[in-house]
Amino acid sequence: MNVLVTGAAGFIGSNLCMRLLEEQLDTLVVGLDNLNTYYDVNIKQWRLEQLTEFGNRFVFIKGNIADKALVDKLFDEYQPQIVVNLAAQAGVRYSITNPDAYIESNLIGFYNILEACRHSYDEGREGVKHLVYASSSSVYGSNKKVPYSTDDKVDNPVSLYAATKKSNELMAHAYSKLYDIPSTGLRFFTVYGPAGRPDMAYFGFTDKLLRGERIKIFNYGNCKRDFTYVDDIVEGVMRVMAKAPERKMGEDGLPVPPYKVYNIGIIILKTCWILSRYCRRN
C-alpha cells in the first residue's frame, strides 16, 4: 500500500510517518513538505533524519502542495491509496499579519489535493480509497458551549486560520458529494510532545520560567486550553485511516457523500489557569 503524507516534516506528520513505517512493513510512505521557515527548519530536518533509517520505504519530496504540477506528478507516479493531508500554514496569531501564506497553503494547496484525488479515478483506476485531512478546533471560534461537538454550529470563525480550516471541511464535503471521494476531517486540539512546535505557548512559558523571566498571561489568566499528546493524535489518525466512510446510496437514489468530521483530542491540562496561579505566587 502507498500512503502520501503531506506536511511530513511537521510535528504530527513526522510522528505519523514513523508509526506507519514501524508497524506497516508493506507500506511505502511518500512524504511531502516545503520545509518553510515559520519556525526553525533544523527541527524539521531532525525529524526527517529519524525517518531515513527505513531506507527506500520512505520517500521524501521537498515541495509545496500549492504547486499543482508537483502534486499531480506525485499522484501519477506513486498512485497513493490513502492520502493524509497535514500540510498547512499553522498559527492563529500569524494569520493576522501573514494572510497570503494561509490562502496559498490551506486553500489553494488543499484544492490541489482534492483535484488530484478526483483524477486518481480516471481511466477506471481504483484511485484514492480515503482522504484524511487536518481541520482544527479553531473552527469553534468563540463558542461558549463545552465540550465541543461536531454538531455545534461553526459559522463564525474568529481568525483567518479558522476560516481556512472550515473552508477545508466544506470543500471536502463538496468533492465527496460530487466525485464520491471518501474523506474524513479531524479537528485537532492543541498538540504537544517531544520535538514539538517551538511557537506553541507551552514552549514559550517553560523557556521563560527556566530563565526566571515573567511569562505573558493572555486574557487576564482566564484563558483555558486543552492539550493532546502527539502519540494520542497519531493513534487517532491511524484508526481513522483504516476506516473510510462508506460509499452508499441514499433513499432518494442518489449517492450519500462518504464524508465524516471528528474531534480528536484529550483534555489533560488547563494550562493558563495553572500558570496564572504560579505567577500570582511569584
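A few points about this structure:
- Farthest toward positive dipole pole in region 168-272 [+1 Lys/Arg, -1 Asp/Glu at C-beta], among Pro245, Pro258, Phe227: Phe227
- Each of Leu21, Val158, Phe54 was scored by the projection of its Cα onto the charge dipole of the chain, and the greatest displacement toward the positive side belongs to Val158; charges sit on the C-beta of Lys, Arg, Asp and Glu.
- Residues of type aspartates and glutamates that Lys165 reaches as a straight line, Cα spacing below 20 Å, ignoring anything fewer than 8 places off in the same chain: Asp33, Asp67, Asp100, Glu104, Glu115, Asp151, Asp152, Asp155, Asp199, Asp226
- Distant-in-sequence amide contacts of Ser183, defined by a placed amide H-H separation under 5 Å and a gap of 5 or more residues or a different chain, comprise Leu131, Tyr259, Lys260.
- For region 117-218, the Kirkwood radius over C-alpha pairs fed into Stokes-Einstein at 37 °C and 0.692 mPa s yields D = 198 µm² per second.
- Gap separating the Cα centres of region 207-229 and region 159-185, nearest whole Å: 33 Å
- DSSP beta bridge pairing in the chain, given as percent antiparallel to the nearest 5: 5 percent
- Pairwise Cα inverse-distance average, inverted: Kirkwood Rh of region 1-79 (Å): 12.7 Å
- Base-10 log of normalised Debye intensity for the chain (one unit scatterer per alpha-carbon) at q = 0.07, 0.17 Å⁻¹: -0.26, -1.50
- Region 31-77 - Debye-derived log10 I(q)/I(0), Cα point model, q = 0.22, 0.23, 0.25, 0.27 Å⁻¹: -0.86, -0.90, -0.97, -1.03
- Set of lysines with alpha-carbon distance to Lys73 below 16 Å, sequence-local pairs under 8 removed: Lys62
- All Cα-Cα separations within region 214-258 were binned at 5 Å from zero, giving a P(r) of 5, 15, 10, 11, 9, 11, 11, 10, 8, 5, 4, 1, 0, each value a whole percent of the pairs.
- Quick note on region 1-160: its Rg to Rh ratio, both from C-alpha atoms and Rh being the Kirkwood radius, is 0.99.
- Distances between placed amide hydrogens fall under 5 Å for Ile82 paired with Asn2, Leu4, Lys129, all partners being 5 or more residues away or on another chain.
- Karplus-based coupling profile of region 36-46, in residue order and whole Hz: 6, 9, 4, 9, 3, 5, 4, 5, 5, 5, 4, with θ = phi - 60° in 6.51 cos²θ - 1.76 cosθ + 1.60 and x standing for Gly or Pro.
- Based on DSSP H segments of at least four residues, each scored -39500 (n - 2.57), the chain has a per-residue ellipticity at 222 nm of -11000 deg cm²/dmol.
No value in this document is a laboratory result; all are computed from the given coordinates. Every value quoted in this text rests on a predicted model; they were computed, and no experiment measured them. Virtual Cβ from ideal backbone geometry, glycine too; neighbours counted across all protein chains shown.
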